[in-house]
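Student: Shown below is the structure under consideration.
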Amino acid sequence: MNLPATPTGFNALSPQQQQEHRAKIGVRAQAILGQFWQHADTPDAVKAIELEGWMDVLENCSHSEIRAAWRDYQTDPKNRTASGRLAKPDAGAIRAVILRKRPKPKVVPNQSAEPEEPRVSAERAEAIMREIGFTPRRFGGDR
């Protein structure tokens, strides 16, 4: 498998940094969702679970990526109703914008640790078999 040698992105952060990163995503998600109508009687636990979902989906994204994706989401006419109102996004919609904007990964050819030995030619293979006294049976030909 062709994986990076060192952790990158979210996995490169310390546990405390990961927690802080997720918390900031939660605040940003709360700010985004606060722009849309919500039931006044929605329990806090339900709101917390919704924010947790946003943090889970976006934790591998940088804050600048999330900000840029939110800007792009707001300015994209496809995200508006017929009357021009912005449709409420979910975390997956923001993540999709981010992934579309990221550069595509380049495939790196797998390089084996040991160089391959050159293949034996057919003539050399026959010579080796004669040296050890092996004679293959050939159908319809000489024996």
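Student: With springs only between Cα atoms under 10 Å, which of Gly133, Gly34, Gly92 fluctuates most in a Gaussian network model of the chain?
Tutor: Ranking Gly133, Gly34, Gly92 by mean-square fluctuation puts Gly133 first.
Student: Mind telling me which of Arg130, Arg67, Arg80 comes out most flexible in a GNM of the chain, alpha-carbon contacts under 10 Å?
Tutor: Most flexible of the set in this elastic network: Arg130.
Student: For Asp90 and Ile132 in one chain, what is 0.36 nm times their gap in residues minus the Cα-Cα distance, to one decimal in nm?
Tutor: Numbers: separation 42, 0.36 × 42 = 15.12 nm, distance 7.13 nm.
So the extension gain works out to 8.0 nm.
Student: Continuing with this model, one more query. Would you look at the GNM of the chain, springs on alpha carbons closer than 10 Å, and say which of Ala87, Ala127, Ala69 moves the most?
Tutor: Ala127
Student: Right, next: Which residues' amide hydrogens lie under 5 Å from the amide hydrogen of Arg80, considering only partners 5 or more residues apart or on another chain, with H built in the peptide plane?
Tutor: Ala87
Student: Now a separate question. Students often forget the sequence filter, so: which lysines lie under 21 Å Cα-Cα from Lys24 once same-chain residues fewer than 8 apart are removed?
Tutor: Lys47, Lys88
Student: Quick one: check the C-alpha center-to-center distance for segment 3-81 versus segment 94-143, whole angstrom.
Tutor: Between the Cα centre of segment 3-81 and that of segment 94-143, the gap is 47 Å.
Student: With Kirkwood's inverse mean 1/r over C-alpha pairs for Rh, give me the Rg to Rh ratio of the chain, two decimals please.
Tutor: On the way: Rg = 29.7 Å, Rh = 20.7 Å.
My calculation puts Rg/Rh at 1.43.
Student: Let me ask something else about it. With each label point set 7 Å from Cα along the Cα-Cβ vector, what nm distance links Trp37 and Lys101?
Tutor: Each label point is offset 7 Å from its Cα along the Cβ direction, giving 2.9 nm.
Student: Given the Cα-Cα distance of Ser83 and Ser62 and 0.36 nm per residue of separation, how much length would full extension add, in nm? Display every interim value, and only then the final one.
Tutor: Details: separation 21, 0.36 × 21 = 7.56 nm, distance 3.26 nm.
Stretched fully, the Ser83-Ser62 segment lengthens by 4.3 nm.
Every number in this text was worked out from the coordinates using simple rules, so none of it is lab data. This one's a predicted model, so the numbers in the text were calculated from it and none came from an experiment. Virtual Cβ from ideal backbone geometry, glycine too; neighbours counted across all protein chains shown.
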